[in-house]
Structures are given as structure tokens and as C-alpha cells.
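J.: One structure is given below, represented as C-alpha cells, and several questions about it will come after.
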Protein chains: 2
Amino acid sequence: MSAALPTLQVVPRPGIVELGPGHPDPGLLPEGLVGEAAAAVLADDGPAALGYGAAAGPGPLRAWIAAWAGAREGRAIAPEEVLITGGASGALAHVCTALTSPGAVALCASPAYHLAARTLRDHALRVQGVPSDEDGVLPGALREALDDLRRRAERAAFLYCVPSFSNPTGRTTSAARRAELLAEAERHELLVVEDDVYRELAYDGARPPALPRPPGEEPGVLRLGSFAKLLAPGLRVGWLVGPRPQVERLAAAGWLDSGGGTSHFAATVVLRLATGGAVDAHLATLQDAYAARRDALAAALREALPPGSQVPVPAGGFFLWATLPRGADAERLLPRAERGGVGYLPGRRFALPGAPVDEGALRLAFSWHSADVLREGARRLGRALAEHLDEEG
Amino acid sequence: MSAALPTLQVVPRPGIVELGPGHPDPGLLPEGLVGEAAAAVLADDGPAALGYGAAAGPGPLRAWIAAWAGAREGRAIAPEEVLITGGASGALAHVCTALTSPGAVALCASPAYHLAARTLRDHALRVQGVPSDEDGVLPGALREALDDLRRRAERAAFLYCVPSFSNPTGRTTSAARRAELLAEAERHELLVVEDDVYRELAYDGARPPALPRPPGEEPGVLRLGSFAKLLAPGLRVGWLVGPRPQVERLAAAGWLDSGGGTSHFAATVVLRLATGGAVDAHLATLQDAYAARRDALAAALREALPPGSQVPVPAGGFFLWATLPRGADAERLLPRAERGGVGYLPGRRFALPGAPVDEGALRLAFSWHSADVLREGARRLGRALAEHLDEEG
């Protein structure tokens with residue numbers, strides 16, 4: 001007999017404060033809202049929610065996202081420039097299949113979201129890291145990588161980056177840096193895939209600037225958004241905004257035509273929540289909750305970690321990217337930290353070939369636990385680190 | 001301004017009896033059942049339905065499918081041999097990405113489900129048709145294709161087929177033919193992808209035999225099932241049963257790990273329906289409804305079509321594959337038929353390179369309309385055909 005297989009991706013380990021997974025607190029998932037919306041959709045319009053959906057997603061949801069995202073970016077977005085996807089993860093996989101050739105180089109900001117990098121490799125892309133600093137991808141490094149490819153008569157499939165409240169670093173790229181990067185991309189006719197799932201989770205006022213869209217049509221910027229962080233991951237409803245020809249190419253895929261879109265029923269539920277105002281209302285709740293957790297974790301880390309540590313406070317998103325004092329190694333510290341009751345992801349796991357590795361860095365998610373549990377996690381990390389430094393030193 | 005984009009894939013044209021799309025009757029979609037299950041799941045276990053799901057799908061649904069399919073096939077299936085997918089369409093796309101190499105040849109029973117063939121091409125596979133007769137793929141033709149590839153030092157990525165109540169022909173491959181085909185596949189270490197979404201829609205008693213699974217582990221048979229036909233397409237919940245190493249390889253994809261499965265919330269709703277007995281109960285309703293429609297369409301066609309036509313009665317599924325008398329061309333007839341108020345898909349659209357084309361064949365779906373509307377569709381087809389034959393003759 002096989003043991004029972006899990007329902008969820010991560011089952012918290014007893015006694016461990018889990019700062020590794022970038023998951024929302026189960027207590028913040030809007031089960032009441034989703035239940036009401038599902039009931040309303042099925043009662044009012046059941047067959048339209050349960051039949052084969054339009055390949056590109058329900059038209060009214062494409063229109064809602066176009067208007068919502070357009071208002072935020074201060075530009076007109078047409079519904080035809082929006083594709084409904086199976087979250088940002090499904091979108092990235094689909095972009096790889098439909099718009100890249102196997103064996104091509106995919107440039108990727110490093111440190112990089114490790115599962116995105118794995119997705120690129122799954123599609124037979126050769127992932128090459130582009131170094132970044134506190135302001136995101138380094139334009140000089142991007143230029144160098146592109147020039148180097150050109151000399152070898154190769155072209156990059158795209159640049160993948162998370163410029164707003166980044167996974168894993170929590171950092172946000174400034175408007176000036178975005179403009180530089182886009183100019184570089186345009187010069188080399190490079191497609192940019194902007195993973196933008198944290199943008200709305202802004203805790204200090206204004207949202208980040210949008211990566212400006214070049215005026216031309218192709219290649220341009222494909223921006224991936226998701227309701228996974230705004231409502232619930234399990235819905236598997238996200239979107240992609242991009243130039244119309246590319247959206248059309250993506251929507252013409254056989255599997256989307258055959259299956260009637262990626263997640264039609266869930267998308268109709270999301271539409272009901274969106275038009276009823278629940279997306280915006282829930283977002284305000286999340287911003288308050290996550291801001292308090294971020295502040296609690298950052299303050300507790302500053303108390304718990306020794307001098308020489310760095311604890312930058314991200315302005316949004318799920319992650320705090322801390323750096324341990326010289327001599328500490330986040331990968332080697334991990335087993336001791338877990339024995340002491342706290343988990344995290346060492347920074348090394350996000351480093352890509354072609355970019356430097358910071359052995360003292362670690363990614364700490366403040367999305368899952370309450371402020372009190374986060375504080376306890378910080379104390380445990382501090383104790384484990386003190387032992388680790390004693391031993392290493 | 002753009003016109004409103006549609007919510008559903010196919011919007012019936014006013015005045016047309018639509019025998020083209022293989023869609024369920026909106027009136028047969030179980031919106032009440034889905035609504036109750038969604039409410040129950042969210043009330044009892046909301047966070048588990050809305051969080052990041054296990055990459056391979058909710059464990060209890062994998063276990064339910066393993067037990068349900070195993071009982072039908074008379075063999076033990078382990079939950080680890082089951083992967084939850086985004087319908088059979090999503091499963092096919094994922095199999096192409098994870099288990100094939102671009103540029104490889106994909107063998108495909110011809111006539112073939114046209115959107116599956118498009119999905120294979122989307123993944124840069126070279127689609128080659130294998131001729132079939134009333135009993136499905138011809139073993140001799142399969143052997144010839146495989147030998148030919150071997151001579152060119154190539155291997156086929158897989159054989160794709162729909163051996164039970166086939167799309168587009170409605171035909172079912174006998175147990176004897178299945179054994180012959182499997183022996184051929186084993187001899188050449190050929191993976192078989194069995195699109196099996198119509199198996200349960202059996203109207204004349206016993207379900208078709210399963211394509212016997214070879215005793216070895218890899219390559220073997222990957223069987224694609226779906227709740228699209230058993231419950232509702234919009235849920236986008238299907239499954240794949242296959243050798244454990246291949247299921248593990250498929251489940252290890254970055255996008256599934258990153259996104260927490262393909263359609264987690266919908267899968268938890270399906271699980272509730274399955275364990276509560278609703279899947280089996282609804283299936284009995286569907287069998288009665290579709291059997292009556294099939295009989296109505298077949299009887300009306302026999303009356304409406306001239307001598308020399310063939311109207312085989314499929315034992316299950318959604319489709320009747322009719323053949324017009326000599327001299328008639330289903331593709332050229334179509335515009336006249338649509339002017340006369342009936343739509344269908346000409347058989348030529350399902351023919352693949354490497355296999356013969358039957359210009360008189362057409363696929364007629366009896367799934368969407370009531371018996372009365374189907375009868376009217378048959379009469380209209382008969383009238384259009386009479387005019388067409390007059391003109392051609």
C-alpha cells in the first residue's frame with residue numbers, strides 16, 4: 001500500500017517556522033468570497049461557466065483586466081492584448097512552448113526565481129544568468145550578454161525578470177533603470193517576459209512603475225499577472241498582457257482550442273469577484289496584513305541577527321532578502337536552523353550560471369505566518385546563526 | 001472600440017443546427033451538483049481547496065481515480081500512477097513538452113482528432129498519419145511506419161490514438177486489434193498515448209476493452225481521461241494514468257511545482273463529486289440522454305440520406321461518422337448545408353499526411369442538440385445533399 005498522497009504542495013513540518021515557501025497564509029484565503037461568487041455564477045449563468053470557454057479566456061474577464069491594468073499604468077490596453085492563463089506559471093510554460101525554439105538561450109535576472117528557471121530548462125532553453133544589483137538587472141551586463149550572443153550569431157529567446165518586489169530579493173527596479181533596460185532590449189529586438197505577480201502587494205504607498213512597453217509591436221514586453229497572490233493560488237487564474245500579435249499566437253495553441261481555455265470555470269468565478277469589487281477590497285486587506293508581517297519580521301531580524309547582517313525592508317511582495325555576516329554560509333547553516341525550528345531558502349539556490357553567488361544571502365518569506373510566529377522564527381534563526389558562527393569562526 | 005469578446009468557445013449561429021462541435025448540451029451540464037460541491041468544499045476545507053496544490057494533483061483525487069479506473073480495468077492502479085491534468089488537452093500538451101524532443105515524428109491514427117494533431121505540431125513534432133479501418137489503426141501500417149523510421153535511424157515520439165468511441169469516427173478498436181497494436185508497439189519500444197475521454201459514454205452495454213498495458217515500465221501506455229465529458233468541460237480537470245516513472249517525470253515540471261498543480265480548486269470540487277457518488281450518477285443520466293440522441297440522429301439520417309450513404313451507429317461517444325454516396329464531396333457540400341441551416345465537419349479535415357482521405361465522409365456530433373433538433377438537422381442535410389448531387393451529377 002502507498003501512503004496517502006498530499007492534497008497541498010507544502011505541508012508545514014511540526015515545530016518548524018516555515019520561512020521558505022512563498023505561500024499565502026491559509027487564514028488570508030478568501031473562501032467566503034469564492035464560495036459566494038461560485039454560487040452566484042452557477043445560479044445566474046451555469047452553462048456559460050461550465051462549457052468549453054473561449055481559448056483566450058472569457059471575454060469579459062479580458063476586458064476587466066484590460067481596464068484595470070490600463071488604469072494603473074495610465075495607458076489604454078485593449079481586451080485583445082490580454083490572455084487568460086493558468087496562473088503566471090502556466091503562462092510562462094506556454095510562452096516557452098509557443099514563442100521560443102528549443103536550444104535557444106533564455107536570459108534571466110540572477111538571483112532568479114528558481115522554479116521559473118526550471119520551467120525554462122524544461123522547455124529545452126539554455127538559461128543564462130544576468131547579474132543584478134539593488135536596482136535590478138544591470139544594463140551593462142545585459143548589453144554584454146546580448147553582444148556576446150550576437151557575435152556568436154545567436155539570439156536570446158527572451159529576458160525573464162521580476163522587476164517589482166522581486167522573487168527572491170524583494171527588490172524593485174526604478175523607472176530610470178527600467179527605461180535603460182528597455183532601450184537595451186529594443187536595440188537587440190529582445191522580447192522581455194516580466195513576471196509581475198507581486199506588483200499590487202505594495203506596502204509603502206505607490207506601486208512600482210510598469211516596465212514601459214515599447215511602441216513597436218513585436219517583440220515587446222509580455223507582462224504576467226496572477227490572481228494567485230491577489231485571491232487564491234488554487235484558482236489557477238492569471239493573465240498575460242502583451243502585443244496583440246503575440247497574444248493571438250498564444251491563443252491559437254491547439255490545446256487551448258481543444259480544451260476551451262486554461263481554467264474556464266475558475267475564471268468566471270474570478271470575473272464575478274472582480275466586477276463586484278472584491279478583488280480591490282481583498283487586496284486592501286492583504287496589504288494591511290502583509291505590511292504588518294513584513295515589519296514584524298524585519299524588526300525581529302534586526303534584533304536577532306548580529307552586526308554585519310543586512311536586513312533590507314522590501315516595499316512589497318512576499319520576500320525579505322537578508323544577508324548574514326561575513327563568514328556565515330546560508331546553505332551550511334540551514335540544517336542547524338531546521339533543527340532549531342526555522343526553515344528558509346539559501347540564496348545560492350537562486351543563483352544562475354553567468355552571475356555571482358552570494359553565499360551569505362537567504363530568502364525569508366513573511367507571507368505565511370502571523371507576526372508572532374515570524375518573530376519567533378527570527379529568534380530561532382539568530383540562535384542558530386550564533387552557533388554556526390562560533391563553529392565556523 | 002473592440003467588439004465584446006466571447007465567453008464561450010462556440011456561440012451557436014442563429015438558425016443553424018450545429019453538428020460540428022463536439023460539445024455537451026448546455027442543458028446537461030451539472031451546475032447544481034457543481035454548486036453544491038463547491039460550497040461544501042469551501043465550507044469544510046476552504047484553505048486546502050484554495051492554496052498551492054500538490055504538483056501532481058490532490059492526493060485523494062489521484063487515489064479515487066486509481067481505484068475507479070482500476071476496478072473498471074480489472075487491475076490494480078496505484079495513486080502514484082495517476083496525474084491530475086488540465087483536461088486531456090492539457091495532458092497531451094504537457095506530455096509533448098516533457099516526454100518528446102522537437103523535430104521527432106509523432107504517429108497518429110488517421111482520421112485523427114484535428115486539434116490533437118495541431119497540439120502535436122505546436123510542439124514541433126512532425127505528425128505522420130497511420131491509416132485505420134473500421135477496427136482502428138492498421139497493425140500492418142503501424143509496423144511499416146515503424147520499420148521505415150528504424151531504417152532512417154529515427155524513433156517515433158509516440159503513437160497517438162483514440163481507440164474507444166473515437167473522435168472523429170465513433171469507432172472502437174476490438175480487444176484483438178488492441179493486442180496486435182500493443183505487440184507492435186512493444187517490439188519497437190513505442191510509447192502509446194491513448195486519448196480515452198469517451199470510454200465511459202457507452203450506450204450499448206459493456207465499455208470498450210482497455211488498451212492492455214504492457215508489463216514493462218517504460219515506454220508503455222499513457223491513458224488520458226477527463227471529467228470534461230463526464231461532468232463539465234469548464235472545470236478543466238482530467239487525468240493521466242501511466243507508468244510511475246513517466247508520471248513522476250511529468251509531475252516534476254517546473255510550472256506544476258511553481259503553480260501548485262494545473263487546476264487545484266476545480267480538482268477539489270471534482271473530488272467531492274466523485275466521492276459523493278455524483279460522477280457515477282451523472283454518467284448514468286448522460287448515457288441515457290446521449291443514447292437517445294444518437295438513435296434519433298441515426299434514424300433520421302437513414303431516412304434523409306439517399307441510397308449509397310453509410311450511417312454506422314457508434315456504440316458510444318459523441319460522434320457519428322457518415323459517408324455520402326459516390327460523387328458527393330463533404331467539403332464542397334458544406335456551404336450549401338450551412339445556407340440550409342445545418343453545420344458539420346467534413347472528414348477531410350481529420351485526414352493526416354500519410355493516410356488516405358475519404359472525401360465523402362463527415363463528422364456529425366449528436367451531443368449538443370435535443371433529438372428533435374437533431375432530426376431537423378438530418379432533414380436539412382438530406383435536402384442540401386440532394387441539391388449538391390443534382391449539381392455535381
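The values are calculated or read from the model by the stated rules, or taken from the named source; none is laboratory data. Since this is a predicted model, take the numbers as computed values, not measurements. Using ideal geometry, Cβ is built from the backbone for each residue, glycine included, and neighbour counts are taken over all protein chains shown.
J.: Which residue out of B:ASP329, B:ASP280, B:ASP295 is over 30 Å from B:GLU387 (Cα atoms) and of a type outside the set (Gly, Ala, Ser)?
T.: On the way: B:ASP329 fails: over 30 Å from B:GLU387 (Cα atoms); B:ASP295 fails: over 30 Å from B:GLU387 (Cα atoms).
Unique residue meeting the criteria: B:ASP280.
J.: Among A:THR285, A:THR275, A:THR323, which is the only one that is within 14 Å of another protein chain (Cβ to nearest Cβ) and either within 19 Å of the chain's Cα centre (by Cα) or β-branched (Val, Ile, Thr) (or both)? Even if it seems obvious, please write down each step before you answer.
T.: Values: A:THR285 fails: within 14 Å of another protein chain (Cβ to nearest Cβ); A:THR323 fails: within 14 Å of another protein chain (Cβ to nearest Cβ).
On inspection, the qualifying residue turns out to be A:THR275.
J.: If you go through the range A:124-155, how many residues are within 14 Å of chain B (Cβ to nearest Cβ) and more than 24 Å from A:ASP358 (Cα to Cα)?
T.: So the count comes out to 2.
J.: Among the residues of the range A:50-92, count how many are assigned to a loop (DSSP other than H, G, I, E, B) and basic (Lys, Arg).
T.: Kept after step one, since they are assigned to a loop (DSSP other than H, G, I, E, B), are these residues of the range A:50-92: A:51-52, A:54-58, A:74-78, A:86.
Okay, now just the ones that are also basic (Lys, Arg), so A:75.
Of the residues in that region, 1 qualify.
J.: Turning to a different aspect of this structure: Could you please find all residues in the range A:307-334 being surrounded by 17 or more Cβ atoms within 10 Å (Cβ to Cβ), touching a Lys or Arg at 6+ places or on another chain (Cβ under 6 Å) and without any contact (Cβ under 8 Å) to a residue 60 or more places away in the chain?
T.: Of everything in the range A:307-334, just one residue is surrounded by 17 or more Cβ atoms within 10 Å (Cβ to Cβ), touching a Lys or Arg at 6+ places or on another chain (Cβ under 6 Å) and without any contact (Cβ under 8 Å) to a residue 60 or more places away in the chain, namely A:VAL311.
J.: Give me the pairs: first residue in the range B:175-203 and more than 20 Å from B:LEU224 (Cα to Cα), second residue surrounded by 24 or more Cβ atoms within 10 Å (Cβ to Cβ) and of a type in the set (A, V, I, L, M), beta-carbon distance under 6 Å, and six or more apart or on different chains, which are they?
T.: Pairs found: B:GLU184/B:LEU142.
J.: Would you pick out the residues in the range B:1-12 that are among the hydroxyl-bearing types (Ser, Thr, Tyr) and either farther than 22 Å from B:LEU230 by Cα or surrounded by fewer than 16 Cβ atoms within 10 Å (Cβ to Cβ) (or both)?
T.: So in the range B:1-12, the residues among the hydroxyl-bearing types (Ser, Thr, Tyr) come out as B:2, B:7.
Once the filter is applied, which keeps residues that are among the hydroxyl-bearing types (Ser, Thr, Tyr) and either farther than 22 Å from B:LEU230 by Cα or surrounded by fewer than 16 Cβ atoms within 10 Å (Cβ to Cβ) (or both), the range B:1-12 yields only B:SER2.
J.: Quick test of your reading of the structure: A:ALA304 fulfils all but one of (1) in contact with a Lys or Arg (Cβ under 8 Å, 6 or more places away or on another chain); (2) within 23 Å of B:ALA55 (Cα to Cα). Name the failing condition by number.
T.: (2)
J.: Tell me which residues, restricted to the range B:19-52, are touching a residue at least 24 places away in the same chain (Cβ under 8 Å), more than 28 Å from B:ALA281 (Cβ to Cβ) and either in contact with a Pro (Cβ under 6 Å, 6 or more places away or on another chain) or facing chain A (nearest Cβ under 7 Å) (or both).
T.: Residues satisfying the conditions are B:GLY51, B:TYR52.
J.: Further, regarding this structure: Testing A:PRO209 on (1) within 30 Å of A:LEU374 (Cβ to Cβ); (2) in contact (Cβ under 8 Å) with a residue 40 or more places away in the chain, one condition comes back false. Which one is that?
T.: Unmet for A:PRO209, out of (1) within 30 Å of A:LEU374 (Cβ to Cβ); (2) in contact (Cβ under 8 Å) with a residue 40 or more places away in the chain: (2).
J.: Then there's this: Identify the single condition in (1) touching a strand residue (DSSP E or B) at 6+ places or on another chain (Cβ under 9 Å); (2) over 30 Å from A:GLY140 (Cα atoms); (3) not in a loop (DSSP other than H, G, I, E, B) that A:HIS369 does not satisfy, given that it satisfies every other one.
T.: Just one mismatch for A:HIS369, condition (3).
J.: So which residues in the range A:61-83 are of a type in the set (Asp, Glu) and at the interface with another protein chain (Cβ under 8 Å from one of its Cβ atoms)?
T.: Step one: filter the range A:61-83 for residues of a type in the set (Asp, Glu), giving A:73, A:80-81.
The one that is of a type in the set (Asp, Glu) and at the interface with another protein chain (Cβ under 8 Å from one of its Cβ atoms): A:GLU80.
J.: Here is a follow-up. What about A:THR97, is it modelled with pLDDT of 95 or more, within 30 Å of A:GLY254 (Cα to Cα) and touching a strand residue (DSSP E or B) at 6+ places or on another chain (Cβ under 6 Å)? Talk me through it step by step, then tell me what you get.
T.: Details: modelled with pLDDT of 95 or more: yes; within 30 Å of A:GLY254 (Cα to Cα): yes; touching a strand residue (DSSP E or B) at 6+ places or on another chain (Cβ under 6 Å): no.
Judged against the criteria, A:THR97 is not a match.
J.: Failed condition for B:GLY225, given (1) buried (at least 24 other Cβ atoms within 10 Å of the Cβ); (2) part of a helix (DSSP H, G or I); (3) away from every other protein chain (no Cβ under 11 Å); (4) not polar (S, T, N, Q), with all others met?
T.: Result: B:GLY225 fails condition (2) only.
Per-residue answers, yes or no, for (1) in contact with a Gly (Cβ under 7 Å, 6 or more places away or on another chain); (2) free of Cβ contacts under 8 Å to residues at least 40 places away in the same chain; (3) small (Gly, Ala, Ser):
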{"position": "B:GLU248", "(1), (2), (3)": "no, no, no"}
{"position": "B:SER263", "(1), (2), (3)": "yes, no, yes"}
{"position": "B:LEU273", "(1), (2), (3)": "no, no, no"}
{"position": "B:GLY277", "(1), (2), (3)": "no, yes, yes"}
{"position": "B:ALA284", "(1), (2), (3)": "no, yes, yes"}
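J.: Among (1) at pLDDT 95 or above; (2) facing chain A (nearest Cβ under 10 Å); (3) under 29 Å from A:ARG62 (Cα atoms), there is one condition B:ALA3 misses while meeting the rest; what is its number?
T.: (1)
J.: When residues of the range B:13-43 are filtered for being over 22 Å from A:PRO26 (Cα atoms), surrounded by fewer than 23 Cβ atoms within 10 Å (Cβ to Cβ) and of a type in the set (Gly, Ala, Ser), how many remain?
T.: Residues in the range B:13-43 being over 22 Å from A:PRO26 (Cα atoms), surrounded by fewer than 23 Cβ atoms within 10 Å (Cβ to Cβ) and of a type in the set (Gly, Ala, Ser): 5 in total.
J.: Right, next: Can you confirm whether A:GLU194 is in contact with a Cys (Cβ under 9 Å, 6 or more places away or on another chain) and either surrounded by fewer than 17 Cβ atoms within 10 Å (Cβ to Cβ) or not in a helix (DSSP H, G or I) (or both)?
T.: On the way: in contact with a Cys (Cβ under 9 Å, 6 or more places away or on another chain): yes; either surrounded by fewer than 17 Cβ atoms within 10 Å (Cβ to Cβ) or not in a helix (DSSP H, G or I) (or both): yes.
Judged against the criteria, A:GLU194 is a match.
J.: Among the numbered criteria (1) in contact (Cβ under 8 Å) with a residue 24 or more places away in the chain; (2) not in a strand (DSSP E or B), which one does B:ALA157 miss?
T.: In the conditions (1) in contact (Cβ under 8 Å) with a residue 24 or more places away in the chain; (2) not in a strand (DSSP E or B), B:ALA157 misses (2) alone.
J.: Would you please name the residue that is nearest to A:GLU189 (Cα to Cα), looking only at residues in the range A:93-113 that are at the interface with chain B (Cβ under 9 Å from one of its Cβ atoms) and in a loop (DSSP other than H, G, I, E, B)? If you could, list the steps in order and put the result at the bottom.
T.: Keep residues of the range A:93-113 that are at the interface with chain B (Cβ under 9 Å from one of its Cβ atoms), which gives A:93-94, A:96-98, A:101-103, A:113.
When the remaining residues are screened for being in a loop (DSSP other than H, G, I, E, B), the result is A:101-103, A:113.
Working: A:SER101: 16, A:PRO102: 19, A:GLY103: 19, A:TYR113: 24 Å.
This residue is A:SER101.
J.: State whether the residues of the range B:84-92 include one that is at positive phi and facing chain A (nearest Cβ under 7 Å). Even if it seems obvious, please write down each step before you answer.
T.: Initial filter on the range B:84-92 (at positive phi): B:87.
Imposing the further condition that a residue be facing chain A (nearest Cβ under 7 Å) reduces the set to B:87.
Yes, some residue in the range B:84-92 is at positive phi and facing chain A (nearest Cβ under 7 Å).
J.: Go through the range B:118-136 residue by residue and tally those that are among the hydrophobic types (A, V, I, L, M, F, W, C), in contact with a Leu (Cβ under 9 Å, 6 or more places away or on another chain) and either part of a strand (DSSP E or B) or surrounded by fewer than 24 Cβ atoms within 10 Å (Cβ to Cβ) (or both). Break it down stepwise before answering.
T.: Pass one, the range B:118-136, residues among the hydrophobic types (A, V, I, L, M, F, W, C): B:120, B:124-125, B:127, B:130.
Now narrow it down to the ones that are in contact with a Leu (Cβ under 9 Å, 6 or more places away or on another chain): B:120, B:127, B:130.
From what's left, either part of a strand (DSSP E or B) or surrounded by fewer than 24 Cβ atoms within 10 Å (Cβ to Cβ) (or both): B:127, B:130.
Residues flagged as among the hydrophobic types (A, V, I, L, M, F, W, C), in contact with a Leu (Cβ under 9 Å, 6 or more places away or on another chain) and either part of a strand (DSSP E or B) or surrounded by fewer than 24 Cβ atoms within 10 Å (Cβ to Cβ) (or both) within the range B:118-136 amount to 2.
J.: Could you tell me which residue of the range B:229-265 is farthest from the chain's Cα centre (by Cα), considering only residues that are more than 7 Å from every other protein chain (Cβ to nearest Cβ) and part of a loop (DSSP other than H, G, I, E, B)? Break it down into steps so the answer makes sense when it comes.
T.: Keep residues of the range B:229-265 that are more than 7 Å from every other protein chain (Cβ to nearest Cβ), which gives B:229-231, B:237-252, B:256, B:261.
Restricting the remaining residues to those that are part of a loop (DSSP other than H, G, I, E, B) gives B:231, B:237, B:242-243, B:252, B:261.
Details: B:LEU231: 14, B:VAL237: 14, B:GLY242: 17, B:PRO243: 21, B:ALA252: 25, B:GLY261: 22 Å.
Result: B:ALA252.
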